[in-house]
Amino acid sequence: MAGAHVPPETIRSLRQAIIDNSASIIASIGQGAEHVKRYQGMRFLTAMADKDYNVVRAMYRTAGYPEYADFIGE
């Protein structure tokens, strides 16, 4: 997710860096005994559409945080 002010090339560059380094990023996130099982099998999703985030928006609404359920301007 990136703000509208972020140049498209910066988004592409960051996305590619995450893809290229995903194994080491995931290994770093999963360090520590309490995190090992939680992140086991984790992977980054790189081809997501806005609608794919709807389940997260619904979760925020259900949890009582509707301010996080919509993008600014919607």
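The values are calculated or read from the model by the stated rules, or taken from the named source; none is laboratory data. Everything numeric here is computed off the predicted structure, so don't read it as measured data. Protein only, heavy atoms only, side chains kept; ligands, DNA and RNA dropped before computing areas. Shrake-Rupley method; radii C 1.70, N 1.55, O 1.52, S 1.80 Å.
Things to note:
- Note on the chain: GNM, Cα springs under 10 Å; of A63, A27, A47, the largest mean-square fluctuation is that of A63.
- Under Karplus coefficients 6.51, -1.76 and 1.60, residue-wise ³J(HN,Hα) of segment 39-46 in Hz, glycine/proline x: 9, 4, x, 4, 8, 8, 9, 9
- Computed in the context of the full set of protein chains, the accessible area of the chain at 1.4 Å probe radius has 58% of its extent on carbon or sulfur.
- Heavy-atom surface of the chain, accessible at 1.4 Å and reported per residue (Å²): 86
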